[in-house]
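For reference, the structure discussed in these notes is given below.
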Amino acid sequence: MYQSIRPGQEWLDTNGQRIEAHGGNIFFENQTFYWYGENKEKTDGKNGIWTYGIRAYSSKDLYNWTDEGLIIQPELINEDSNLHPSQRLDRPHIIFNKQTQKYVCWIKISGDLACFVILTADRLLGPYKVVKENYRPYEKKVGDFDLVIDKETSKAILYFEADHKNMISAELTEDYMSVTTQYQVNFDGLIPPFVREAPAYLQHNGKHYLLTSGLTNYVPNPSEVAVSDTFLGPFETLGNLHPEDESKSSYNSQISGVFKHPTKNLYIALADRWVPDYQMTAEKYDILSRVIAGRFDDRYLATGEEKQKLMDSPILGNVNTSKANYAWLPIEWEKGVPVIRWYDEWRIEDFE
């Protein structure tokens, strides 16, 4: 049995199998933690399988996780379905609607479709039914996202990267199935790889924070933190979320969500180490950022050799994410600003 969290190391379930809940989040219900995410066990970067359904695990201590199986099955017959393994199914988010008594799951489809698929269920562990496919809020191409509920009003808020240009924060309709006309554009005017994606929301002392990464696919990059006085924003960038990380890689990981412990003053940044065999460095990131940015702004210069280095990196879709690990780390606070430091090992019990 595990008695601590060891970021970056292989994490096995109670059956001794690798945990497959990538790009995931945690739902707390009936004194039980449920961790769900992308099942990458079949994604070897060669067979065309991006995600093979959504898997969930249960735990009482956040250390030891029992496999609850695929709560959203892949659609194996209809290749046009958003749930087919060849579609780029990413980052499921499940929220509970008190009014409809339904669990609502939004999943992003990346690549050419760049849309959402939305499902509902009567139980957290399913079965889930598709209610909307190929959904693009405001006719925008969809990128990474987060989905949260305002506990005071029960309104749901969607944060999503739009058109690789900015990030939109929007209120959802009462049934949590669509966006409303209430929205805000944030982080506008940036180009890849500096466009902000992978938003992870948290609320602390009345302030609203978004933790975001840059846009470099599976290659890690520097994360930033931004703050607002409201859910929708506008958000003001505060700077580097990992100020002690000299590799400019967010400790070689990308955050998928933030989980607030129900009984402790503890926020956990849930992150994936998508390509554990590839170690980002400050030098590599400098090359990567100039090569990508040079496609959009000729003031960024890169040599042919540097462009080849980019092509040799695991930035494209042919990545073996079945080997991906996790890098969960506690969020700490310095003068009201969240920061993340590296720990080889840490315990939930060390926090009040």
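Site pair K335 and N205 shows an inter-label distance of 1.2 nm when each label is modelled 7 Å from Cα along Cα→Cβ.
When you restrict to C-alpha pairs under 8 Å that are six or more residues apart and normalise by the size of the chain, the relative contact order lands at 14 percent. Each residue in M280, M311, M177 was given a count of other beta-carbon atoms within 10 angstrom of its own, and listing them fewest first yields M311, M177, M280. For region 90-122, the residues whose amide N sits under 12 Å from a probe point set 7 Å from the Cα of E133 along the beta carbon direction are 117-118. Is there a pair in K42/K98; K42/K102; K102/K323; K60/K102 whose C-alpha atoms are over 26 Å apart, and which pairs would that be? Beyond 26 Å between Cα atoms: K42/K98; K42/K102; K102/K323. Taking max minus min of the alpha-carbon positions on each principal axis, the chain gives extents of 56, 45, 45 Å, largest first. Once the chain from T303 to R123 is taken as fully extended at 0.36 nm per residue, the excess over their C-alpha distance is 59.4 nm. The local environment of D144, defined by Cβ-Cβ distances under 15 Å, has a net charge of 0 under the rule Lys, Arg +1 and Asp, Glu -1. Here the residues E352, E345, ranked from fewest to most Cβ neighbours within 10 Å of their Cβ, fall in the order E352, E345. Between the beta carbons of E79 and Q17, assuming R0 = 35 Å, the FRET efficiency works out to 0.80 to the nearest 0.05. Other residues within the sphere of radius under 9 Å centred on the Cβ of P199, judged by their own Cβ, net out at -3 (K and R +1, D and E -1). Fewest-first ordering of I77, I168 by other beta carbons within 10 Å of each residue's beta carbon gives I77, I168. Taken about its Cα centre, the chain carries a charge dipole of about 380 debye when Lys and Arg each add +1 at the Cβ and Asp and Glu each add -1 at the Cβ. The modelled label-to-label distance between F351 and R295, using points 7 Å beyond Cα along the C-beta direction, is 3.6 nm. Sparsely packed loop sites in region 288-317 (the trypsin sites (Lys or Arg not before Pro) outside DSSP H, G, I, E and B with at most 15 other Cβ atoms within 10 Å) comprise R295, R299.
Each residue, H261 and N64, gets one label point 7 Å from its Cα in the Cβ direction; the gap between the two is 1.8 nm. For region 200-295, the list of GluC sites (Glu not before Pro) that fall in a loop by DSSP and count at most 13 other C-beta atoms within 10 angstrom reads E244, E246.
When all alpha carbon pairs of region 139-343 are counted in 10 Å bins from zero, the resulting P(r) reads 8, 34, 36, 18, 4, 0 %.
Coordinate-derived values only; no laboratory data. It should be emphasised that the depicted structure is a prediction, and the values quoted were computed from it without experimental measurement. Cβ sites come from the backbone with ideal geometry, for glycine too, and all protein chains shown count toward neighbours.
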